[in-house]
1. Report the gain in length on full extension from THR148 to VAL41: 0.36 nm times residue separation, minus Cα-Cα distance, nm rounded to one decimal.
2. Take the residue pairs LYS39/LYS82; LYS210/LYS242; LYS3/LYS39; LYS39/LYS74; LYS209/LYS242; LYS15/LYS94 and return only those whose Cα atoms are more than 24 Å apart.
3. For region 105-266, what is the charge dipole size about the Cα centre, in debye to the nearest 20, if Lys and Arg each add +1 at the Cβ and Asp and Glu each add -1 at the Cβ?
4. Ordered by packing density, taken as the mean number of other Cβ atoms within 10 Å over each peptide's residues, highest first, how do 68-78, 85-95, 5-15 rank?
5. Which lysines does LYS181 reach when only Cα atoms under 19 Å apart count, and residues fewer than 8 places away in its own chain are ignored?
6. Once you order the gyration tensor axes a ≥ b ≥ c over the Cα atoms, which shape class does region 3-81 get: rounded for a/c under 1.5, otherwise prolate or oblate by comparing a/b with b/c?
7. With contacts defined as alpha carbon pairs under 8 Å and 6 or more residues apart, what's the relative contact order of region 23-102 in percent?
8. Quick check for me: using +1 on Lys/Arg Cβ and -1 on Asp/Glu Cβ, what's the dipole size of region 3-81 about its Cα centre, in debye to the nearest 20?
Amino acid sequence: MYKDIFESIRNEAEKRNLRERTIQLYCSDVSYFLRWIGKNVSDLTLEDAESFLTAKRLEGRSPETHNHYRSAIKFLYKKVLKIVWDDDTVPAMKRERNLPAVLSRDEINAIIDATPNLKHKAIIATMYSSGLRVSEVVHLHYDDISRTNMTIHVRETKGRIDRYTILSQKNLDLLTEYWFKCGRPKDILFPSSWSGGYLDIASVNQFFKKSAKLAGINRHVSSHACRHSFASHLFESGTDIKYIQSLLGHVDPRSTDVYLHVSNKTLLGIRSPFDNPEGGES
């Protein structure tokens, strides 16, 4: 029924060089919206978008899910249907900024030691030692690892901006062991054992959580905690926050500033004014 609309969404998205995953999500969310509204596309109004998003909010959808729906519908209205969009009428939901989960160095080492599969062990170590997102580590290629410069070239980034990050000697040793023992992959560094293509991100999260449980870590942690821990540990070791921002590939400094709140360094050496005798009675 809406085949032409999905083709139009794809065409407009490809003009803007959007990722395939983004295009698929837009089509899926727009399909859900159109089925919920039950109107012809030519009859859509801004009030329809507001009604749908309000209903999803009242159903208890998270701000992330709500805003994903909104982004897809906004793209449909503005880029495909040329309907005037008003952010005040259809606002985004404010997201809660929870502090990221950070693991200690001992916990990271325990998780790596508890991982029986050598490829999985190398993936976890690479995420932590270089501060990579899950999506970035699964898209690494053999040629992205530079032994000469001790760097990793990160190409498949969230903001589509290539960057270099550091390569740990311990991690290089582990990657070398993995490479020799697991088929010497020359293209994708961590290929799927089933398809030979890129690993599924969900599978990485799954084996990470299993290893965390084997390591005796009972609180909820995801593989993204490796990246958070990398940043926090660097900051605690005295690395300038601007360098951490560059290594993580953060465009907005506020994304990196969160580590000021989770690092113990921000609490060490700071004396409460209640204990400061200056200006007070002796």
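1. Details: separation 107, 0.36 × 107 = 38.52 nm, distance 5.67 nm.
The THR148-VAL41 span can extend by a further 32.9 nm.
2. Details: LYS39/LYS82 17 Å; LYS210/LYS242 34 Å; LYS3/LYS39 15 Å; LYS39/LYS74 17 Å; LYS209/LYS242 31 Å; LYS15/LYS94 29 Å.
Check vs 24 Å cut-off fails for LYS210/LYS242; LYS209/LYS242; LYS15/LYS94.
3. Details: 21 positive and 16 negative charges, 48 e Å.
That gives a dipole near 220 debye.
4. Numbers: 68-78: 20.1, 85-95: 12.1, 5-15: 15.5.
Most protected by this proxy first, the peptides run 68-78, 5-15, 85-95.
5. By straight Cα distance, LYS181 reaches LYS119, LYS121, LYS170.
6. oblate
7. Computed value for region 23-102: 36 percent relative contact order.
8. In total the dipole reaches around 240 debye.
Values quoted throughout were computed directly from the atomic coordinates according to the rules given, and no laboratory measurement underlies them. Bear in mind the structure is a predicted one, so any value in this text is a computation, not a measurement. Quick reminder, even Gly has a Cβ in these numbers, built from the backbone with ideal geometry, and neighbours come from all protein chains shown.
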